[in-house]
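Read the structure below first, then the notes.
The values are calculated or read from the model by the stated rules, or taken from the named source; none is laboratory data. Since the structure is predicted, the reported quantities are computational estimates derived from the model, not experimental observations. Cβ coordinates were reconstructed from backbone atoms using ideal geometry, including for glycine residues, and neighbour counts include every protein chain displayed.
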Amino acid sequence: MEALKSLDLSLLNESQREAVINFNGPFLIAAGPGSGKTRVIAFRTANMILNGGINPEEILLLTFSKKAANEMKERISGLIGERSMPFIGTFHSLCLKILKSYYFKLSINKDFKIYDPADQISVMQKIIHDAKDKSLKDVLDRISYCKSNLITPIEAPAELQEAYRQYQSALKEENALDFDDIIFKTYQLLNKFPEVLEKLTFKYLMIDEYQDTNKAQYEVIKLLAKRDNNICAIGDSDQSIYAFRGANIQNFLNFGDDFTDLKLIKLEQNYRSTPEIIKSAESVIEKNSDHMQRNLWTNKEKGRQVILCNASNEKAEADYIIKTIQLYMGGISRYEIEAKNISDSPIGYGFSDFAVLYRTHMQGNILEESFLKSGIPFQQIGAENFYNHSEIKDILCYLRAVFDPFDEAALVRIINKPVRGIGAATIEKIRLYAKDFGMPFYQACQEIDTLPLSDENKKSLGDFIQLFEEFRLTATKEKLSNLIKIICEKIQIFELYKDKKRQDNIFELLGFSVQFDSLPPFKGLETFIQETAFMQDKDIYDENKNAVTLLTLHASKGLEYPVVFIAGAEEGLIPYQHNDENSVNDEEERRLFYVGMTRAKDELHIIHAKQRNLFGENIEVQPSRFLNDIPKEIIENREHELKVRKKKGRNEDQLAMW
Amino acid sequence: MKFYADLHIHSHYSRATSKTMDLENLYKWAQIKGIKVIGTGDFTHPRWFVEIMEKLEPAEEGLFKLKEEFAEKMDNEVPNSCKAEVRFILSVEISSIYKKNDKTRKVHNIIFAPSLEVASKLNTQLGNIGNIKSDGRPILGLDSKKLLEICLSVSDKCYLVPAHIWTPHFAVLGSNSGFDSIEECYDELTPKIFAAETGLSSDPPMNWRLSMLDNITLISNSDAHSPEKLAREANIFDCELSYDGIFEALKTGDKRKFLGTLEFFPEEGKYHFDGHRPCSYCADPKLTIENNYLCPRCGKRVTVGVMHRVEVLADREEGGKHARAFPYKHLIPLKEIIGDTLGVGPASKKVAAAYFEIINTLGNELSILLDIDIEDIKKVSNAKIAEAVIRVREGKVKLFPGYDGEYGRIQIFARKDNVDVKSQLEMF
């Protein structure tokens, strides 16, 4: 048997140690940003197993995401060695496990399916026939909100009841649960059947990111903790940013109401940021009424002041960010180096040391454009997958249909692209015909003479089929890249899509196809379709990639970077104002800004513009109210304008980025 | 077959590159200059890649030629005296910026691909790592060694050649952000490096001072951003005209197949000596050391040039030669020679006129600079230009070294020689 691995508690500070060695009873660990929360959770768990005589199966550790769960598993196995692992997962994975064992008690079928958002919309579409995707999503969001708050159809608002009821019936009929059901049903199970609770082995509960739990999750936890009362909630109420998903900050703040003798431990030493960054962030968050009093501090040496840059407009904003990165990298091309004689950065930053945070995806798009022009390697979290772009989907659907005319989804997408006079009504007629005679859609198309269409429509359809059959013939004879070229030319795709970025994408797809040219014609087509289908699902963000990260404030949670830029620190964006509402959720937005600020290790640059192009107009914008809360003495003020270089002739660049 | 090759150029999709760097003009100027094999450059750029697909067709294995329908349009712009076959080879320069061993490194590497399929596969992988659509020479946060690994994984004929290895800011041996040896950069993959580009700022004898380069064939290319600059450096081959033929010659260093290089005078290169451009301060390595690497005029650090860097890394005395020491010749572009002779800038109309007078009659530029009899030049042009060509052939020129990004200058005639320039002008 392996010798007991011992935990080196000397690595911990006093508060961390207190959190790690105490595990009987209820605890609330309020962990400020960068305070070593992950280490504390890992050590606490390991300590329970190694020194506390607790069996791993008696421990339950709930994390915010699968990624967090995996990271935690790695850390803990590093500490406990060969022993078996406790249950570490998300609420959903826990509840799913419970439901899979006790489904019969709730009259759910054994092999129930789990519906994702796409599936949910399909279900809703059958209930509310003539609605667009967006309104379907709205209804689903409202139902989700109800379920997060343990509200059944009868208890729901009157106007929602019917849709909610029908939706649940439909799910039951299809033997399916959606994500919210997984939690809701688990609650119902544990609440109604205490004997199930008794059977569960969990004696010690830990919940990370507790500030982002919703009511349903909270009630499940309460039930789980009832028997042994050993529960530890860890989080930071100042980083609660998921109210829009139903998270309830009161869960955290009022934790003591449900658990008597609650011990509160505050982790206040920040290991991440400079004193200036911490001071500026704390000054901002202190203004929130539900801010828990604490004294965040650091041992780190004094750093630079927080930089507040006033840019003339959003282009100047992007320019400032890009120029700063180039400067810190010591120049990324000889043009900057020779023009300004930038000497190499002594700090030795890499591209992945920089992050640019913004409030909305719209801002992200504009920043993406600037970064593309600059040549700086970057990756964007939440970026649209290449294969989801309209122009690419169109080409792929042509290829799919050419390969297999019975791929109805593909055929229907392109049959009227470019517009050929085969509109939605015509398509519907063909569909009905196909259904009546029990034949595939394309076969129905070919029966032009008997289709109930006008002469004009029949002609359009005939022309399409002729073109389409030409493509099919070409596919058997030409190599793939030629086929794609021919299709692009015949459908005049560069007229359909005139935007340069979209055209760039089309060129990229064409170049990509060349590697399949060595395969025989039809085989190349088949392989290409398979490969691209696979790529549609690939996750884009790669934390090991050596590139600047562009992401929303929400997505930045849990991450850290030496140099952070927060763009668009203006009223309307930070805090964000929805078009149709007059109110701004000031407290939540303040927390969101706080999360952004506390991502920075060495330097924080906050940029706000004088003018911003919104909805096609250049509008004057005001700096964010939150900026007033940053002490003046920590701020270094800067201004930045875009310098336009006059065109010089043959060798001029595009609009100067430097 | 004997031919000249310029393997590193940039298309009009690269930053600060002439709009005329398209395939048709490359086809035209390669003939005027006397180049048989020319790199396409920039094949990672999606639009350039498609242009290549459209306008080139396979010729000898691994090489391409301009399709007839596009060549026709240019043929009347190529003097009959220069007409020759032109071949393209797929190439691209990648800028890698990354941290290794606690320092920021910036290295440029040239990649060659034997076919469009291989290039397409490589582009897919590089496209996943960074942005290859904005600039014909993309910047990637990718370790050079990893880049080499990717090349090897895509095809064993996908070759990597470090570019202009001495440039201070963007080269494997660069003083500012390079390494102190090839091996430090490519680790256990170093044996895969069989060739390296010397760059404008160095010539072979400088490189021969480093034993670490003994098994590497030194090549020279123009790195041209405009057609005029093509073949300002070039390689001389006498081998089978094919991708494999060229690379076999480079890999083996067979002196019958790789005959050497044509070089810029290294002094003309903009990083030859040390200096600080903002202060117009230029220094040879000794002076720099005396001044403690600082500019005496402003106190900032000087940019260390190539001479100095070679001195620091050299493990052999000057004049050393070794097995893979190939012949080389120094060149000055003909327009610059003419310009210096006439006392005007090389871009002037007078120079262009004189230039084409000679080219149209006698043939392509490299043949004029290297082979053609002086008497023949005198018959077509004036005696002074002919004399200038000889002087350059014999290396009898005055050199003002470049430094810190400032190009160096050459003077073929001392000022007083130009006294009769005016009378010659009347001939034009």
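Before moving on, here are some points about what is shown:
- Helices (runs of 4 or more DSSP H) wholly inside segment A:251-346 containing at least 3 residues that are away from chain B (no Cβ under 14 Å): A:255-258, A:275-285, A:314-328
- When A:CYS445 is tested against (1) touching a residue at least 12 places away in the same chain (Cβ under 8 Å); (2) within 30 Å of B:HIS45 (Cα to Cα), exactly one condition is not met: (2).
- Residue that is modelled with the lowest pLDDT [pool: residues in segment A:108-140 that are of a type outside the set (A, V, I, L, M, F, W, C), over 18 Å from A:ILE183 (Cβ atoms) and not in a helix (DSSP H, G or I)]: A:ASP130
- Single unsatisfied condition, A:ILE321 versus (1) touching a Gly at 6+ places or on another chain (Cβ under 9 Å); (2) at pLDDT 95 or above: (1)
- Taking the criterion of being in a helix (DSSP H, G or I) and of a type outside the set (A, V, I, L, M, F, W, C), the residues of segment A:589-609 that qualify are A:GLU589, A:ARG590, A:ARG591, A:TYR594, A:GLY596.
- Total residues in segment B:102-122, condition farther than 30 Å from B:LYS55 by Cβ and either of a type in the set (Phe, Trp, Tyr) or facing chain A (nearest Cβ under 10 Å) (or both): 5
- Within the set A:TYR145, A:TYR115, A:TYR187, the sole residue that is in contact with a Gly (Cβ under 7 Å, 6 or more places away or on another chain) and closer than 26 Å to A:TYR218 by Cβ turns out to be A:TYR145.
- Per this entry, A:LYS393 is counted among residues that are closer than 30 Å to A:VAL356 by Cα and assigned to a helix (DSSP H, G or I).
- In segment A:92-104, the residues that are within 14 Å of A:ILE221 (Cα to Cα) reach residues that are buried (at least 18 other Cβ atoms within 10 Å of the Cβ) with C-beta atoms within less than 6 angstrom, at least six apart or across chains, in these pairs: A:HIS92/A:ILE182; A:CYS95/A:ILE182; A:CYS95/A:ILE183; A:CYS95/A:THR186; A:ILE98/A:THR186.
- Filter result for A:PHE522 (away from chain B (no Cβ under 13 Å) and either within 28 Å of the chain's Cα centre (by Cα) or aromatic (Phe, Trp, Tyr) (or both)): yes
- Unmet requirement for A:ARG599, which otherwise passes all of (1) touching a Leu at 6+ places or on another chain (Cβ under 9 Å); (2) more than 24 Å from A:ILE249 (Cα to Cα); (3) among the basic types (Lys, Arg): (2)
- Across segment A:491-509, the qualifying residues are those that are basic (Lys, Arg) and within 26 Å of the chain's Cα centre (by Cα), and the one among them that is surrounded by the fewest Cβ atoms within 10 Å (Cβ to Cβ) is A:LYS501.
- Only a single item in (1) surrounded by fewer than 22 Cβ atoms within 10 Å (Cβ to Cβ); (2) within 14 Å of chain A (Cβ to nearest Cβ); (3) in contact with a Gly (Cβ under 8 Å, 6 or more places away or on another chain) is not met by B:TRP48, and it is number (1).
- Scanning segment B:286-299 for residues that are in contact with a His (Cβ under 8 Å, 6 or more places away or on another chain) and loosely packed, with under 15 Cβ neighbours inside 10 Å, we see that the one that is nearest to the other protein chains (Cβ to nearest Cβ) is B:CYS298.
- In segment B:260-353, counting only strands (runs of 3 or more DSSP E) that sit wholly within it, the ones holding 2 or more residues that are out of contact with any Cys (no Cβ under 7 Å at 6 or more places or on another chain) span B:281-283, B:328-331.
- Qualifying residue in segment A:349-365 (condition: within 14 Å of chain B (Cβ to nearest Cβ), hydrophobic (A, V, I, L, M, F, W, C) and surrounded by fewer than 22 Cβ atoms within 10 Å (Cβ to Cβ)): no
- Figure legend. Inter-residue proximity from segment A:144-156: first residues assigned to a helix (DSSP H, G or I), second residues charged (D, E, K, R), beta-carbon distance below 6 Å, spacing 6+ or different chains. Indicated pairs: A:SER144/A:ASP180; A:LYS147/A:ASP180; A:PRO153/A:ARG165.
- Residue under evaluation B:LYS257, criteria (1) closer than 20 Å to B:HIS108 by Cα; (2) among the basic types (Lys, Arg); (3) modelled with pLDDT of 95 or more, criterion not met: (1)
- So B:ARG105, is it part of a strand (DSSP E or B) and surrounded by 21 or more Cβ atoms within 10 Å (Cβ to Cβ): yes
- The residues in segment A:611-624 that are closer than 27 Å to A:ILE285 by Cβ and either crowded, with 17+ Cβ neighbours inside 10 Å or small (Gly, Ala, Ser) (or both) can be counted, and the count is 4.
- Matching residues, segment A:543-560, being surrounded by fewer than 21 Cβ atoms within 10 Å (Cβ to Cβ) and within 14 Å of chain B (Cβ to nearest Cβ): A:GLU543, A:ASN544, A:LYS545
- Some residue of segment B:78-94 being over 25 Å from the mean Cα position of the chain (by Cα) and within 14 Å of another protein chain (Cβ to nearest Cβ): no
- Boolean, A:PHE259 is touching an Asp or Glu at 6+ places or on another chain (Cβ under 9 Å) and modelled with pLDDT under 90: no
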